[in-house]
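Handing you this structure, nothing more for now.
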Amino acid sequence: NVTIGARYYQFDEARDFISGGLFANGDNRHDETSSNGVTPRIIASYDLTPDIALNVQASQGFRLGGVNDPLNLPLCSVQDAAIFGGFQSYEDETSWNYEAGVKVTRSRYTFNAAAYYNEISDLQVTLDAGSCSSRISFNVPDAHASGVEVEFGWEPIDGLQLSFAGGFVEAEFDSTVTTGLGAVIGGIQKGNRLASVPEYQAAATAAYYWPINFGEGMEAFLAGSVQHVGSRYTQPSDQVPGAGNFASGLPFGGASGAEITALNLELDAYTLLNLSAGIQNDEWGVTLFLNNATDENANLSFDRERGG
């Protein structure tokens, strides 16, 4: 089977930026951005046997560009204003995804696996604009994400359902973005990891269902799931040596403002355990659930302001 498709898009966006307050620049402005194009997709599958199917696909993705807010210049250093002031607008992001996989379906189990390569052009990255207390988006010419994913489901006995899903991904910059003097901007360096992407993650579930005498078609169940997510970085610059060393620059309460607070900005891996139990039929059900049963304190992002 072969499926071929295409999507035409036309985006038009307009906005007014109006600022006020102590650090306003008087830079009220009207911005517009627009884009149009076609994103194609082709999928081919082949039934090797009645239980085993092979598939390949290639598809293009798109993300609209835009315009950044003006820099908060009263809070910028001269150097930061010069470095980040040139990124007022950013271009559309596009990607080509190439994937190959296999699907196995049997009476008691299913197995799916896929390998993929995602080639990204003009990747939109968000960074702190140095000391400006502003965040900007700009483009990185080339990046990629490649990996494998697997899913497995098994019913060893009637009523007992087990499943596992996991994946590994390598998501990295393939370009380096520098200032006019050659300094790397915000950790955007070839080989550095993309932000917010764990290298690996996995989830496993188990559930048992059995009939009960509480009405027609009624059954009870017990279920649990475990999800593990690997380490991540909130921003690309967080993986640069010394990125977690902060000085407020604000004398207060006996502190000079020059003291260094040192943090590891790599977000730790975390594991979540969810449990549930209940009764149900085709028309109604009652479920008791406990999410994050181990009270895991997952670090999801590192949020910062001027000076960390």
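How large a share of the accessible area of the chain, in percent, is made up of carbon and sulfur atoms when the probe is 1.4 Å and the other protein chains stay in place? Display every interim value, and only then the final one.
Working: 9880 of 18390 Å².
That fraction is 54 percent.
What is the list of residues in the stretch 278-308 whose amide nitrogen lies under 14 Å from a point 7 angstrom out from the Cα of L272, following Cα to Cβ?
290-301, by backbone N distance to the label point.
So how far apart, in nm, are the two label points at Q239 and I279 if each is 7 Å from Cα heading toward Cβ?
The answer from the label model is 5.2 nm.
Between S35 and F23, what is the spin-label point distance in nm, taking each point 7 Å from the Cα along the Cα→C-beta axis?
About 2.9 nm, to one decimal.
Let me have the relative contact order for the stretch 182-258, percent, based on Cα pairs under 8 Å that are six or more residues apart.
In percent, rounded to a whole number, it is 32.
Sticking with this structure for a sec: Once R0 is set to 51 Å, what does the formula 1/(1 + (r/R0)^6) return for the Cβ-Cβ distance between A220 and L181, expressed as a FRET efficiency to the nearest 0.05?
0.15
Per the Kirkwood formula on distinct C-alpha pairs, the Rh of the stretch 96-199 is how many angstrom?
Its Kirkwood hydrodynamic radius stands at 16.6 Å.
With no solvent and one equal point scatterer per Cα, compute the Debye intensity ratio I(q)/I(0) for the chain at 0.09, 0.15 Å⁻¹ and report its log10, rounded to two decimals.
Results for the chain at q = 0.09, 0.15 Å⁻¹ read -0.70, -1.28.
On to the next question. Return the FRET efficiency for the residue pair R135, W96: r is the Cβ-Cβ distance, R0 is 35 Å, and the value is rounded to the nearest 0.05.
According to the calculation, E is roughly 0.80.
Would you list L300, L267, L181 from the most to the least accessible area, probe 1.4 Å? Mind dumping the intermediate values first?
Details: L300 125, L267 15, L181 170 Å².
Correct descending sequence by accessible area is L181, L300, L267.
Modelled label-to-label distance, S196 and R7, 7 Å Cα→beta-carbon offset: nm?
Roughly 1.8 nm, to one decimal.
Run a plain Debye calculation on the stretch 1-113 (Cα atoms as equal point scatterers, no solvent) and give log10 I(q)/I(0) at q = 0.20 Å⁻¹, rounded to two decimals, same order as the q list.
-1.08
Add -39500 (n - 2.57) for each DSSP H run of 4 or more in the chain, then divide by its residues: what number comes out at 222 nm, to the nearest 500 deg cm²/dmol?
Computed mean residue ellipticity for the chain: -500 deg cm²/dmol.
To continue, here is another question. Given Cβ point charges of +1 (Lys, Arg) and -1 (Asp, Glu) and nothing else, what value in debye, to the nearest 20, does the dipole of the chain about its Cα centre take?
340
Taking only protein heavy atoms into account and a 1.4 Å probe, give the accessible area per residue of the chain in Å².
60
Now for a separate question. Show me the ranking of peptides 165-173, 39-47 by mean Cβ neighbours inside 10 Å, starting with the highest.
Sorting 165-173, 39-47 by mean packing, highest first, produces 165-173, 39-47.
Which whole-number percentage describes the relative contact order of the chain, with Cα contacts under 8 Å and a sequence gap of 6 or more?
Reported relative contact order: 10 percent.
Determine, from the Cβ-Cβ distance of T126 and I260 and an R0 of 30 Å, the FRET efficiency 1/(1 + (r/R0)^6), rounded to the nearest 0.05. Provide the component values of the computation, followed by the final result.
Details: r = 26 Å, r/R0 = 0.85.
That gives a FRET efficiency of 0.70.
Which residues does a label at E155 reach in the stretch 94-115, if reach means a backbone N under 13 Å from a point 7 Å past the Cα toward the Cβ?
106-110
Once you have all Cα-Cα distances for the stretch 196-303, histogram them in 5 Å bins from zero and send the whole-percent values.
2, 10, 13, 12, 11, 10, 9, 8, 7, 5, 4, 3, 3, 2, 0
The values are calculated or read from the model by the stated rules, or taken from the named source; none is laboratory data. Keep in mind that this is a model prediction, so the values were computed, not measured. Using ideal geometry, Cβ is built from the backbone for each residue, glycine included, and neighbour counts are taken over all protein chains shown. Note: accessible area is taken over every heavy atom of the protein model, side chains too, but ligands, DNA and RNA are not part of it. Shrake-Rupley method; radii C 1.70, N 1.55, O 1.52, S 1.80 Å.
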